Amino acid sequence: MWPTRYPARRPGRVQLISSARLRRRNSAWQRSILSAGLAALVGGTGIWITEALIAPQASQAYTSRLDLFLARETGETYETLIRRAEMAARAGAQRSFDQDLLTTNVSVTVVAEGDGLTVPILTLRVDRDQWRARPETYYWATYYRTAEILLSSPAGTLSQ
C-alpha cells in the first residue's frame, strides 16, 4: 500500500504512517466507541429493570356498581321509603368495600317500584377513603326530587 504522511508533533519533521497502522488505530477507536455504547445500553437496561422491580405499579381505580330495587309497601310514606333506601345503599356500599379490597369507588343506585312505576330515588357515589372517614349515606347520596312526585301520583295520571 502507499505510505501516508501525517505531520508529527514537532514542526518540520514528517512521519510516515502506513495505512495498515492507520486502520488498526481506527479499528481500536471504533471498538472503544462500540464498547462504550454497549456498556451504556446494558447499564440503561439494568436501571430500567431495577426500576420495574422496585417501583410500585400505578394503581387503577376499580368501581363497584350496584343497583338495588325496593318495592314500595302499601301505605308507606315517601320519607319511610327514603330511610329504607338509605339503609339499603349503606349496606350495599359497605358490602362492596368488604368483598373486594381492590375496589376504590362504589356506585349504588336505589330504585323504587310502586303502582307500576320504577323510579330511581337515590344514588350513592363514594370512594373508599371518603367512606372510611364518613360512612353516612345522606352525606354522599344524590336524591332525585321528582321521584316523590312520580311515586305519589296515581299511575293513570302520568300517561295523560
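The values are calculated or read from the model by the stated rules, or taken from the named source; none is laboratory data. Predicted model, so just to flag it, every value in this text is computed and none were measured. Here the Cβ positions follow ideal geometry from the backbone for every residue, glycine too, while neighbour counts run over all protein chains shown.
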By my count, helices (runs of 4 or more DSSP H) wholly in region 60-160 with at least 1 residues that are crowded, with 16+ Cβ neighbours inside 10 Å and touching a residue at least 60 places away in the same chain (Cβ under 8 Å) are 78-99, 146-152
Pick from region 115-156, criterion over 23 Å from Asp100 (Cα atoms) and small (Gly, Ala, Ser), ranking: modelled with the highest pLDDT: Ala147
